[in-house]
Amino acid sequence: MTTWCDAKTAVQVVESGNNVYLQGMSLTPTLLIEALVARGEELRNVELYTALTFGPVPYTDPRWVGHFHVNACFVATSERPAINAGRASYIPIFLSSIPKLFMPGGPAPLDVAFIQVSPPDKYGFCSMGPSVDFSRAAVDNAKHVVALVNPHVPRVYGHGFVHVSRLDYAVKWDHPIYAVPGEAPDDTQRVIGRHVAELIEDGSTLQLGIGAIPDAALQALTDRRDLGIHTEMFSDGVIDLVERGVITGARKALDRGKMVTCFVIGSQRLMDFLDNNPAVKMYPVTYTNNPQIIRQFDHFVSVNSALQVDLTGQVCAESIGTIQYSGVGGQMDFMRGAALAPHGRPILALAATAKAPKTGGETHPYAIAPVDGQISRIVPIPMPGAAVTTTRAHLRYVVTEYGRVDLLGRSIAERARSLIAIAAPQFREQLERAAYNLRLFS
Ligand code: COA
């Protein structure tokens with residue numbers, strides 16, 4: 001039985017000590033979050049489970065310590081200060097494993113799931129539009145589901161439908177969902193995109209990670225034929241290639257003709273593109289990110305990025321030293337799946353430099369000194385405290401604006417030499433010296 005009510009009434013279902021899931025990204029249910037936090041004084045020890053929350057996060061305010069505690073499975077910019085200040089927690093987890101938290105016997109059985117859906121269709125089904133990911137598991141396993149029912153949520157095919165009868169509390173809301181306008185890639189990203197594109201053959205199936213580099217790679221693929229999409233997420237970059245007839249999915253081993261993803265982040269134009277589009281299928285993350293599924297695509301190309309890569313090939317993508325920046329996400333799911341595919345290509349693409357931090361910086365014996373306000377993202381060893389997201393045994397292709405290397409079967413010395421060759425020229429001498437001191441060339 002669904003109770004249609006206002007947000008204030010709906011959030012009464014939450015009790016002290018509950019585990020509560022908050023849907024994230026474009027469908028972050030801000031109205032419910034605000035109504036819940038308004039009850040903060042009367043609630044204690046409410047555990048919130050999040051992944052890439054968009055919009056305000058009032059529950060991270062220091063005054064709510066002991067009332068609300070965040071467990072972020074992927075860190076949003078807004079939650080980052082609370083996590084790094086120790087008021088909130090980060091859970092290192094493969095994106096494909098998040099549903100396990102909520103499944104029977106899992107470590108975080110959900111009392112309540114806060115989600116956002118489209119209005120019911122004539123059969124009573126609402127759609128979770130651009131965010132099916134782990135929200136599917138949350139809806140299927142929570143004791144209670146509270147939903148904002150919003151006509152701005154696109155109706156997307158696949159596994160994101162929720163029958164209205166599953167909603168314990170439904171709140172009508174007529175408000176644009178979170179859209180993220182794409183930013184045009186800069187010159188460096190365009191060059192990297194071109195290097196990545198050289199590794200993508202006609203008929204390949206693609207996973208494109210988060211950020212400007214994947215979109216730059218897409219822009220360099222306008223002359224390819226029959227590309228397919230099987231990914232964790234996509235953004236605006238795909239629309240142009242669909243309209244040009246480049247992305248057809250005609251040669252995909254699975255879900256032929258469909259673009260498969262578990263969430264989408266992008267502009268309002270992208271949300272309109274998703275709406276009732278038979279070419280798009282949203283699946284739970286347990287399908288999209290399953291290496292056993294990914295390996296079935298003959299020519300699978302996975303494109304992800306990183307904050308740092310060390311000279312042996314260890315990839316730090318989620319933290320800058322001890323500062324937690326983002327999350328494991330689907331990087332390892334796809335890097336491994338692509339490596340297992342018969343002609344798969346796991347690619348790590350990153351700019352060779354980043355702007356030097358204003359304060360702090362690396363001080364250990366193998367640190368590379370900044371040059372002209374820039375630091376090298378190719379480093380002798382990871383910054384102390386940095387988490388390794390992809391191991392050196394999993395890493396294969398690395399691309400920067402200075403070229404690309406294939407590390408498969410390469411020794412430590414060969415890796416160090418190849419990675420120095422695609423580092424920014426002004427850092428190569430320092431890197432070579434550090435590599436000698438670390439005995440990487442012996
Ligand atoms: N040291 C210090 N700061 C660094 C740095 C380094 N080695 N490398 C990058 N930075 C800073 C940048 O200057 C930038 O700062 P700003 O926000 O102040 O401009 C910030 O970190 C982000 O760097 P950028 O290169 O813009 O990152 P991005 O948006 O391309 O994202 C990742 C890169 C690695 C953070 C992102 O891909 C990620 O979170 N990956 C993990 C999850 C994943 O791969 N999922 C896969 C499927 S979605």
Taking the Cα centre of the chain as the origin and placing charges on Cβ (Lys, Arg +1; Asp, Glu -1), which of Ser305, Gln430, Met233 is farthest toward the positive end of the dipole?
Gln430
How large is ³J(HN,Hα) for each residue in region 200-208, as worked out from phi by the Karplus curve 6.51 cos²θ - 1.76 cosθ + 1.60 (θ = phi - 60°), to whole Hz, x for Gly and Pro?
10, 8, 3, x, 5, 9, 10, 10, 10
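Over the chain, with the other protein chains present, what is the accessible area per residue in square angstrom, probe 1.4 angstrom?
I get 40 Å² per residue for this part.
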Note to self: C-alpha centroids of region 277-292 and region 350-403 sit apart, in Å, by 33 Å
Size of electric dipole in the chain: Cβ of Lys, Arg +1 and of Asp, Glu -1, about Cα centre, debye, nearest 20:
820 debye
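Starting from region 249-344, pick out the trypsin sites (Lys or Arg not before Pro) whose DSSP state is loop and whose Cβ has at most 13 other Cβ atoms within 10 Å. Write out the running numbers ahead of the final one.
Details: sites: Arg251, Lys252, Arg256, Lys258, Arg269, Lys281, Arg295, Arg336; in loops: Arg251, Lys252, Arg256, Lys258, Arg295.
Answer by residue number: Arg256.
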Carbon and sulfur: what percent of the chain's accessible surface (1.4 Å probe)?
51 percent
Region 1-74: which GluC sites (Glu not before Pro) are DSSP loop and have at most 15 other beta-carbon atoms within 10 angstrom?
Glu15
Charge dipole (the chain, unit charges on Cβ, about Cα centre) - positive-most of Ala38, Ile177, Met282
Met282
Within the under-13-Å Cβ sphere about Ala253, not counting Ala253, Lys/Arg +1 and Asp/Glu -1 give a net charge of +2
Of Lys8/Lys122; Lys100/Lys143; Lys8/Lys100, which pairs sit farther than 25 Å apart, going by alpha carbon to alpha carbon?
Lys8/Lys122; Lys8/Lys100
Which number comes out as Rg/Rh for the chain once both Rg and the Kirkwood Rh are worked out on C-alpha atoms?
0.99
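Which of the GluC sites (Glu not before Pro) found in region 181-269 are loop residues per DSSP with 14 or fewer other Cβ atoms within 10 Å of their Cβ?
Glu183, Glu198, Glu201
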Which value, to two decimals, describes the C-alpha radius of gyration of region 1-145 once divided by 2.2 N^0.38 Å?
0.99
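The values are calculated or read from the model by the stated rules, or taken from the named source; none is laboratory data. In this text the structure is predicted, and so the values were computed from the model without any measurement. Ideal geometry is used to build each Cβ from the backbone, glycine not excepted, and the neighbour counts take in all protein chains shown. Side chains are part of the model used for accessible areas, which takes the heavy atoms of the whole protein and leaves out ligands, DNA and RNA. Shrake-Rupley method; radii C 1.70, N 1.55, O 1.52, S 1.80 Å.
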